[in-house]
Amino acid sequence: MLSNREFALWWAGQSVSQFGDGILNVALPLLVLAITDNATDMGLVVAARLVPTVAFLLLGGAVSDRVSRRLAALTSDAARAVLTAVLGALAVGGRLDLGELLVGSFLFGLFDALFFPASTALLPEIVAVSELTAANSVSRLWGTLAGGLIGPLAGGVIASTIGSSWALVVDAGTFVVSALCLAAMRPTPTPSPSPHSMMSDIAEGLVYCRRTPWIIWTISIAGLVNALVFAPSAVLVPLYFRRVLHTSSWVVGLAFAAFGLGGVLGSLLMMGRQPRRRVRFMWLAWSVGTLLAVPFGLSHVVWLAVALVVVMGALLMLGNILWQSLMQAEVSGEILGRVSSVDWVVSLGLSPVGVALAGLVADRVGVRTTIAAPGAVVAVLGLVLLVAVRSITAIDRRVGDGPSKA
């Protein structure tokens, strides 16, 4: 795959950017705790980024179907580099407060809303359809290695040594590298001009998803999983290891890195492989991974909790690679940006609420219950739907093995 120059540049930029994200995912919650020492504030900062992302994703998808996807992603990376650099300078100088963090997170989320659909729609423009699963596996493997394993470990070390503030500065630098890689790519085609209004284009993406069972059911259950289990982990994992298991800050980084290690293993398992029953395999991987939140939340042993995180990360990655490949192979490129934006909106729609409430609920009913109970409920619901709603797996029963454009 890396012999493809355009893919190699895209892969390199994203891997470096995700390394910075991995550092920040560990350091930012610890930075908030250092500023306010309040679990609810941690949830508010994470939610402040998610709210504008969800609110503007449909618009971001419509824009990415009207302009060059490469330029849209480049604009987003450049803007996020500036924002993170400003916040980093304030933090290092000891002048960053909660209000500024909330504003910065909100602005950051606006440009996330442009980047997510643009990047999803960009890959099929630089990689053949037959190579999409391999390309997604390679990009997920190295992105997870950098952002889910090495980055969190580095974040824990940075937080424990020179301080969490410097993580923002490092993250800004990784966005600069990503932007430079996108700038070095050859121009990609601009989609044909739409004869309809922006609102009509958005509506077309919504209708397409509503009428496609495997999409609407998958993104709906994914929305619940993200809102109740995975998005709140940004708040609950640091609380769990610091306040429940009473570990050091570096163990928080180790826990996030364990999730990344699982993602690496999941990516390796998907290299060159594609199960015939793609949707069924994807749902089972996600459901079992979600169910493992129960023994994780109830564990009293640090090594066992970390080991469970590895398995959860592997199963989540298996499903994620299949999902992204399904979307890119089965949805027409002309509408892929808008369909991807609907996916992101529904999948993340309730996540700001889940994140904002995670710290508050944990203070009321305990961290263990806040982790384990939602995992059990959502996993069982997913398995029941997989069996009961046959239209979810209709494309698994389609005649022929090869992917096609919808």
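The values are calculated or read from the model by the stated rules, or taken from the named source; none is laboratory data. Please read these numbers as outputs of a predicted model, since none were measured by experiment. Ideal geometry is used to build each Cβ from the backbone, glycine not excepted, and the neighbour counts take in all protein chains shown.
Tabulated results
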read-out	value
Only one of Ile162, Ile158 that is over 30 Å from Glu6 (Cβ atoms), hydrophobic (A, V, I, L, M, F, W, C) and without any contact (Cβ under 8 Å) to a residue 12 or more places away in the chain	Ile162
Within the stretch 297-316, tally of residues that are farther than 12 Å from Gly262 by Cβ and either of a type in the set (Phe, Trp, Tyr) or out of contact with any Phe, Trp or Tyr (no Cβ under 8 Å at 6 or more places or on another chain) (or both)	6
Number of the condition not met by Ser200 [criteria: (1) modelled with pLDDT under 90; (2) of a type in the set (Ser, Thr, Tyr); (3) over 27 Å from Ala47 (Cβ atoms); (4) in contact with a Lys or Arg (Cβ under 8 Å, 6 or more places away or on another chain)]	(4)
Residue in the stretch 362-373 that is surrounded by fewer than 22 Cβ atoms within 10 Å (Cβ to Cβ) and modelled with pLDDT under 85 present	yes
Of residues in the stretch 58-88 being modelled with pLDDT of 90 or more and among the small types (Gly, Ala, Ser), the one farthest from Phe175 (Cα to Cα)	Ala72
Scan of the stretch 154-170 for residues that are at pLDDT 80 or above and touching a Phe, Trp or Tyr at 6+ places or on another chain (Cβ under 9 Å), ordered by number	Ala154, Gly155, Val157, Ile158, Val170
Residue among Leu74, Leu90 that is free of Cβ contacts under 8 Å to residues at least 12 places away in the same chain, surrounded by fewer than 23 Cβ atoms within 10 Å (Cβ to Cβ) and of a type in the set (A, V, I, L, M)	Leu90
Residue in the stretch 318-339 that is assigned to a helix (DSSP H, G or I), of a type in the set (Lys, Arg) and surrounded by 19 or more Cβ atoms within 10 Å (Cβ to Cβ) present	yes
Where Ala159 falls short, out of the listed (1) in a helix (DSSP H, G or I); (2) surrounded by fewer than 21 Cβ atoms within 10 Å (Cβ to Cβ); (3) among the aliphatic types (A, V, I, L, M)	(2)
Flag if Arg95 is within 22 Å of Thr188 (Cα to Cα), surrounded by fewer than 21 Cβ atoms within 10 Å (Cβ to Cβ) and out of contact with any helix residue (DSSP H, G or I) (no Cβ under 7 Å at 6 or more places or on another chain)	no
Qualifying residue in the stretch 275-291 (condition: in contact with a Ser or Thr (Cβ under 8 Å, 6 or more places away or on another chain) and among the aromatic types (Phe, Trp, Tyr))	yes
Boolean, Val207 is closer than 30 Å to Ala34 by Cα and of a type in the set (A, V, I, L, M)	no
Any hit, the stretch 311-318, residues being over 20 Å from Gly147 (Cβ atoms) and either under 13 Å from the mean Cα position of the chain (by Cα) or in contact (Cβ under 8 Å) with a residue 40 or more places away in the chain (or both)	no
Tally of residues being farther than 14 Å from Val306 by Cβ, in contact (Cβ under 8 Å) with a residue 24 or more places away in the chain and either more than 19 Å from the chain's Cα centre (by Cα) or part of a loop (DSSP other than H, G, I, E, B) (or both) across the stretch 245-271	3
Filter result for Asp65 (more than 19 Å from the chain's Cα centre (by Cα), buried (at least 18 other Cβ atoms within 10 Å of the Cβ), closer than 30 Å to Val365 by Cα and touching a residue at least 12 places away in the same chain (Cβ under 8 Å))	no
Condition check for Ala55: small (Gly, Ala, Ser), at pLDDT below 85 and either in contact with a Lys or Arg (Cβ under 9 Å, 6 or more places away or on another chain) or closer than 30 Å to Leu265 by Cα (or both)	no
Answer residue from the stretch 76-90, given it is touching a Phe, Trp or Tyr at 6+ places or on another chain (Cβ under 8 Å) and not charged (D, E, K, R) and is farthest from Phe108 (Cα to Cα) among those	Gly88
Every pair of residues 6+ apart whose Cβ atoms lie under 6 Å, when the first sits in the stretch 330-355 and is more than 20 Å from Thr370 (Cα to Cα) while the second is of a type in the set (D, E, K, R) and surrounded by fewer than 22 Cβ atoms within 10 Å (Cβ to Cβ)	Ser332/Lys405
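One line per residue, one yes/no per condition, for (1) part of a helix (DSSP H, G or I); (2) closer than 19 Å to Gly88 by Cβ:
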| position | (1), (2) |
| --- | --- |
| Ser3 | no, no |
| Val26 | yes, yes |
| Val32 | yes, yes |
| Ala62 | yes, no |
